[in-house]
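These notes concern the structure reproduced below.
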Amino acid sequence: MIRIGCRTLLVVTVVSAAMAGPSVAQEPPQADYYVYVAAESQDEVALVRFGPGGAEVSRTIEASLNPTDIDGPHGIAVSPDGSNWYVSIAHGLPFGQIQRFATGSDRKLGAAQVGLFPATMSVTPGGLLFAVNFNLHGDPVPSSVSVVETGSMTEIRKVTTCAMPHGSKLSPDARRHYSVCMMDDQLVEIDVPSLDVSRRLYLEPGAERDLPPGTAESSSAVGNRPGSGGTARCGPTWVQPSPDGGRAWIACNKNREVLEVDLDAWQVTRRFATGAGPYNLDVTPDGTTLVVTYKGDHAVGLFALADGSERAVVPSSRRIPHGVAVSPDSRYAFITVEGVANDPGTVDVIDLETGTLAASVDVGRQAGGIGFWKMERKQDRK
């Protein structure tokens, strides 16, 4: 395993880039880009447009269970064909819910009850939605991934994974589902055709290894819970498969690094040193750049995947950057920023060519989940 780069040298590089930032030319966007954004502390979803005139909120949509309570819309997923979007409602009594809406009209089409504190989601082209049940407020016991048939909005299965699953992502061919578990330091693979756990990878730093598929708690296989005896922990919060399906990157929130996993060999092959609190990830469709939010450093890191170097760090407009969505043309990264106290949430738009902030727009409080809907060029709008 190879550690890429030196954090001290990277900071010097980034400071130099930031000092030169105002002289970096930015071309205005040549299209309109649309993303859906959940505001967890305001029970609404915003449709944000970014285009030649900057970024703006096109409309907001209520996303709640009970109008008198804060129900916590957390995750956003858009169907592969762009016809529907889904939001996870985290604070149900006791269970959470997945709500389905039509894109464009934003008309609510249905809902499904799932597990405790559903968080992130992904959807197959065939209409299966996978939602991780994060169980934030429950005991640290093995939780699950809910599988929802989106036509009828029916939960058809709960697949037990491990404690606090997060980061629901599908392989490019939609035959494998990946999630990570914060409390058990695991990467879990679900075989989509059978809806069973097919592989597990233990992620404690220096002790990474394959686990039996039936191992829901790492302590039953490795003898100690992760972090016992003062050892470092990964505390994974996100997994992002590569566009070609051969690799995946994992955010180790506890120890300032991103792991690169060879999915065929099922082993860690590279490590990238990061800022404090790496949280969510996305990769450009052209496979060149990995985008990482740093909750602890209030910034976003851009990694060149060819050599693993951190080529830029972009400070967020407010505190606590959260989610990432990259545009299909690999040009822009859309970042949700939670804010603190009564601050509004924010969507920051990063120009991935220049490594600079291109635009920002305020949304509801505690902006979190984000899903890319569509990109419209001028000729498409005629």
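The values are calculated or read from the model by the stated rules, or taken from the named source; none is laboratory data. These figures come from a predicted structure and were not determined experimentally. Positions of Cβ are generated from backbone atoms using ideal geometry, with glycine treated the same way; all protein chains shown enter the neighbour counts.
Annotation: of all residues in the stretch 84-118 being part of a strand (DSSP E or B) and in contact (Cβ under 8 Å) with a residue 60 or more places away in the chain, the one that is surrounded by the most Cβ atoms within 10 Å (Cβ to Cβ) is S88. Return the residues of the stretch 181-199 that are small (G, A, S) and in a strand (DSSP E or B); say none if nothing qualifies. Matches in the stretch 181-199: S198 only. Meeting the requirement of 1 or more residues that are surrounded by fewer than 20 Cβ atoms within 10 Å (Cβ to Cβ), the strands (runs of 3 or more DSSP E) wholly within the stretch 25-83 are 31-39, 44-51, 54-62.
Quick grid of which residues meet (1) closer than 19 Å to A207 by Cβ; (2) part of a strand (DSSP E or B); (3) among the basic types (K, R); (4) at pLDDT 95 or above:
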| site | (1), (2), (3), (4) |
| --- | --- |
| A251 | yes, yes, no, yes |
| R271 | yes, yes, yes, yes |
| L290 | no, yes, no, yes |
| E310 | no, yes, no, yes |
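Considered as a group, the residues in the stretch 166-201 that are of a type in the set (D, E) and under 16 Å from V141 (Cα atoms) include one that is surrounded by the fewest Cβ atoms within 10 Å (Cβ to Cβ), and that residue is D185.
Criterion first (within 22 Å of T120 (Cα to Cα), of a type in the set (A, V, I, L, M, F, W, C), at pLDDT 95 or above and surrounded by fewer than 22 Cβ atoms within 10 Å (Cβ to Cβ)) does A325 satisfy it? Taking the combined requirement at face value, the residue does not satisfy it. Hey, can you tell me all the residues within the stretch 199-224 that are of a type in the set (G, A, S) and either touching a helix residue (DSSP H, G or I) at 6+ places or on another chain (Cβ under 6 Å) or under 25 Å from R271 (Cβ atoms) (or both)? G206, A207, S218, S219, A221, G223, listed by residue number.
Here P165 meets each of (1) in contact with a Ser or Thr (Cβ under 9 Å, 6 or more places away or on another chain); (2) modelled with pLDDT under 95 with one exception, condition (2). Residues in the stretch 338-376 that are under 14 Å from Y36 (Cβ atoms), touching a Lys or Arg at 6+ places or on another chain (Cβ under 6 Å) and among the β-branched types (V, I, T): there are none. Select from the stretch 236-259 the residues that are within 14 Å of G296 (Cα to Cα) and not hydroxyl-bearing (S, T, Y) and list them in ascending order. A251, C252, N253, K254, N255, R256, E257, listed by residue number. Could you please let me know if P142 is in contact with a Cys (Cβ under 7 Å, 6 or more places away or on another chain), under 24 Å from I76 (Cα atoms) and in a loop (DSSP other than H, G, I, E, B)? Spelling it out, P142 is indeed in contact with a Cys (Cβ under 7 Å, 6 or more places away or on another chain), under 24 Å from I76 (Cα atoms) and in a loop (DSSP other than H, G, I, E, B). Looking only at residues of the stretch 202-219 that are farther than 20 Å from D262 by Cβ and surrounded by 22 or more Cβ atoms within 10 Å (Cβ to Cβ), we find that the one that is modelled with the lowest pLDDT is S218. If you go through the stretch 263-277 and keep only what is within 17 Å of F303 (Cβ to Cβ) and without any contact (Cβ under 8 Å) to a residue 60 or more places away in the chain, you end up with T274, G275, A276, G277.
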